[in-house]
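The values are calculated or read from the model by the stated rules, or taken from the named source; none is laboratory data. The structure presented is a predicted model; accordingly, all values stated were derived computationally and were not measured. Here the Cβ is made from the backbone with ideal geometry for all residues, glycine too, and neighbour counts use every protein chain on show. We work out accessible area using only protein heavy atoms, side chains counted, and drop any ligands, DNA or RNA first. Shrake-Rupley method; radii C 1.70, N 1.55, O 1.52, S 1.80 Å.
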Amino acid sequence: MSVLLVLEESGGKIKRASWEALAAANRLAPAQEITAVVIGAETEALAAEAAAKPVGKVVRVEHPLLNTYTADGFSLALHQLLQNQSPTQVVFPHTYQVRDYAPALACKFGQVLIGDVIAIEDGPIFTRQLLQGRLTGTYRHSGDGPCFVSVQAGAFRPDSNIAAPETQGSAGPAPIELFTPTLDPAQIRTKPGEPFRESAQTVDLGSAQRIVSVGRGIKGAENLPLIEALAGALGAELAASRPICDNGWLPMARQVGSSGQTVAPKLYLAVGISGAIQHLVGMKGSQCIVAINKDRDAPIFEVADYGIVGDLFEVVPALTEAVKAGR
Ligand SMILES: Cc1cc2nc3c(=O)[nH]c(=O)nc-3n(C[C@H](O)[C@H](O)[C@H](O)COP(=O)(O)OP(=O)(O)OC[C@H]3O[C@@H](n4cnc5c(N)ncnc54)[C@H](O)[C@@H]3O)c2cc1C
């Protein structure tokens, strides 16, 4: 098995989602069989960052036309790289960018992209969620050609199942190779606009140990002090589902989910949050999930370790008092 892992960067740093994809790649093959790929016009620093991770080698796919992301540029360049390297598996983080170009790349090999994978079992068998997370489906690659897989944010913990370089007998950073694809400006048919702006990361929810997160069940901004009091009593950061931030009740930096932050605290308390898949991907890596919801069938209860079915306007004040009394 040889795995090609395509890393994605933002602001000159490899994105966390790429390291989650490395954890997934490690489910498929040991580190020395993983080739990490960085793409762009100048990739030296990115390659050095990748080479410090437990991978067999790093390939810099470099060309002036890859300076700005385009689906044509990336899929053409990777097509040539894959023909050169012939991996059995190609792994990506399931980002907006990957969603844009990876299916086209897979098509060039007569393959499909097994997208948004949440688990990988021996076989390999890939699990994806269907119907907003109500069902899961398992997929196995068949036929000739590489197997293309993208992995859901938050599904694989970076470093959790990856052996450190020293325990693999690695003598230092992985070797770095340069690959220069042949690209012509006429092949790039699109002119990129402003990239999609994910919520600003001015609040670092990613390193919070405890988070109290509030959803539309709170009904209005005037009720937020109820949640703030509970967060205060628990010494927790305040977070929210997207509608709360879209309404301007809390800043975008506090949004958890696919277009917000990915968090993995020891405790995640979800209050009045239904558990839509876009929210779950951002928090399901939490160690202990507690949900308060008046709807016993809310999907949040499927990922919760503890659930309270009840009216948050009754449960939250009682819980806050209980926490204060227990201190
Ligand atoms: C491209 C895209 C990206 C997205 N990104 C994100 C993202 O990053 N993060 C995110 O969160 N969402 C995201 N969403 C939106 C997502 O699909 C959901 O719409 C959103 O998560 C729902 O938020 P909610 O659970 O707060 O609201 P709702 O789904 O309306 O749920 C409210 C819940 O509160 C409960 N409730 C109501 N009253 C009470 C009460 N008195 N006591 C207790 N419980 C009560 C209800 O039973 C319900 O389950 C995205 C959507 C798209 C299309």
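What number goes with the only condition from (1) within 30 Å of the chain's Cα centre (by Cα); (2) modelled with pLDDT under 95 that Ile292 does not pass?
(2)
For Phe301, only one of the following conditions fails: (1) in a helix (DSSP H, G or I); (2) free of Cβ contacts under 8 Å to residues at least 40 places away in the same chain; (3) open to solvent by 50 Å² or more (accessible area, probe 1.4 Å). What is its number?
In the conditions (1) in a helix (DSSP H, G or I); (2) free of Cβ contacts under 8 Å to residues at least 40 places away in the same chain; (3) open to solvent by 50 Å² or more (accessible area, probe 1.4 Å), Phe301 misses (3) alone.
In segment 227-242, how many are part of a helix (DSSP H, G or I) and open to solvent by 20 Å² or more (accessible area, probe 1.4 Å)?
5
State all residues of segment 304-327 that are within 13 Å of the ligand (Cβ to nearest atom) and outside any helix (DSSP H, G or I); if no residue qualifies, say none.
Ala304, Gly307, Ile308, Val309, Gly310, Asp311
Can you tell me which residue within segment 270-293, out of those that are open to solvent by 10 Å² or more (accessible area, probe 1.4 Å) and within 18 Å of Leu230 (Cα to Cα), is farthest from the ligand (Cβ to nearest atom)?
Across segment 270-293, the extreme among qualifying residues is Cys288.
Out of segment 243-269, which residues are near the ligand (Cβ under 8 Å from one of its atoms) and in a loop (DSSP other than H, G, I, E, B)?
Result: Gly257, Ser258, Ser259, Gly260.
Would you point out the residue of segment 140-167, among those that are among the hydroxyl-bearing types (Ser, Thr, Tyr) and surrounded by fewer than 17 Cβ atoms within 10 Å (Cβ to Cβ), that is modelled with the highest pLDDT?
Per the stated criteria, the residue is Ser142.
Would you point out the residue of segment 1-24, among those that are among the small types (Gly, Ala, Ser) and touching a residue at least 40 places away in the same chain (Cβ under 8 Å), that is nearest to Pro158 (Cα to Cα)?
Ala23
Could you list, in sequence order, the residues of segment 309-324 that are closer than 14 Å to Gly217 by Cα and buried (at least 19 other Cβ atoms within 10 Å of the Cβ)?
Leu312, Val316
Just checking, how many residues over segment 248-264 are touching a residue at least 40 places away in the same chain (Cβ under 8 Å) and either out of contact with any Gly (no Cβ under 9 Å at 6 or more places or on another chain) or farther than 24 Å from Lys15 by Cβ (or both)?
So the answer is 1.
May I ask you to list pairs of residues, at least six apart or on different chains, whose Cβ atoms are under 6 Å apart, with the first in segment 213-225 being within 15 Å of Pro251 (Cα to Cα) and the second being open to solvent by 20 Å² or more (accessible area, probe 1.4 Å) and not in a helix (DSSP H, G or I)?
Filtered contacts from segment 213-225: Ala221/Trp249.
Considering each residue of segment 101-121, count those that are within 20 Å of the chain's Cα centre (by Cα) and charged (D, E, K, R), and give that number.
2
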